[in-house]
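What follows is a set of notes on a single structure, which appears directly below.
The numbers here are math on the coordinates, done by the rules we state, and not lab data. Not measured: the values here are computed from a predicted model. Neighbour counts run over all protein chains shown; Cβ positions are idealised from the backbone, glycine included.
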Amino acid sequence: MRRFLPDTFTLILIATVAFASVFPAVGRGASFMMVASNIAISLLFFLHGARLSTDAIVAGVKDLRLHALILSCTFILFPLLGLALRAAFPGLLTPSLWLGVLFVCTLSSTVQSSIAFTSMARGNVPGAICAATASNLLGTVLTPLLVAVLLHRQGGGHGLADAGRILVQLLLPFAAGSLLRPWIGAWARRNSRVLAKVDRSSILLAVYTAFSEAVAQGIWHAFPPRDLATLVLVNALLLGVVLAVTTWGSRRLGLSKENEITLVFCGSKKSLASGIPLATVLFGTAQMGIVVLPLMIFHQMQLMVCAMLARRYAERGNEAQPASARA
């Protein structure tokens, strides 16, 4: 039953949202929290730059087809599906929630869970490391660009002009961390557990600041339970279609079982750790509270579904092993 329960960080996120709903930051407190949140986000991207090594990309670059398929699912298939769903059912969700769904579709893949599930399912782990790392590196640039294009198509934002401002805000600390990696990279690796707590604390601070503003704007009065149930169904449809396409496509293309597993798990994930800080910069605290709800739901849904899939892949491998041994 544990695989059906939310992970610890998701529970803490839910508790943070509840706390912000009861005790929101207001007045000077809200201004202070906004500044602190922006500083924390810059620190988060700086630490990502310091820790995110490109060695995995160099090591795994040989299998270009696999990586191209994964990146295509992450940054092409997902946005197209999101746009198609919105075009087919425009009145199913509010405009802000549809914006949140589209935002989920633009995000990079996760790193830890993609690799963990690929390993559990006995897939191509080096390929997963390479693909997930490349996805996060490219996502720093591609996600703001995709959001700018989608906002422009929906008549919001200022198109690519916003993208330039966003890229500067996100890339400068990331680039600084990358440049300083030769001097601080070893320290960052030694203190990875402590820095992971810094990452999560930055995300929680951003969520609290955003939902404090959202509560002040009356988010819970404008968001009935029926919309939440519909949002769960939309996320489930989005995830289900991607999982079906990656599984069917890998078999039609004749990929090995190991590469199929890597494509399924790396191509279907969306990163909560990158998504919440990006949402803060892309949308601002006034709109972020509603926008990140689809991401929080999708995050937990992908963990539960992929955990079950990984076990099925692993059990299939266990069943095949005696047959191969007999051969």
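Observations on the structure shown:
- Two-site label geometry, residue 32 and residue 138: point separation in nm, points 7 Å out along Cα→Cβ: 4.4
- Ordering 89-99, 200-210 by mean Cβ neighbour count within 10 Å, with the highest value first, yields 200-210, 89-99.
- Charge dipole (Cα centre; +1 on Lys/Arg Cβ, -1 on Asp/Glu Cβ; no other charges) of the stretch 174-258 amounts to roughly 520 debye.
- Using 0.36 nm per residue and subtracting the Cα-Cα separation, the extra length available between residue 172 and residue 18 on full extension is 52.1 nm.
- Per-peptide packing, taken as the mean over residues of other Cβ atoms within 10 Å, places 22-34, 240-252, 129-141, 70-82 in the sequence 129-141, 70-82, 240-252, 22-34 from highest down.
- Spin-label model, residue 186 to residue 8: label points 7 Å out along the Cα-to-beta-carbon direction sit 3.0 nm apart.
- Potential lengthening of the chain between residue 233 and residue 200 amounts to 9.1 nm, from the contour at 0.36 nm per residue minus the alpha-carbon distance.
- Gain in span if fully extended, residue 64 to residue 80, counting 0.36 nm per residue against the direct Cα distance: 3.5 nm
- Per-residue HN-Hα couplings for the stretch 309-315 [Karplus 6.51, -1.76, 1.60; θ = phi - 60°; Hz; x = Gly/Pro]: 5, 4, 5, 5, 4, 5, 5
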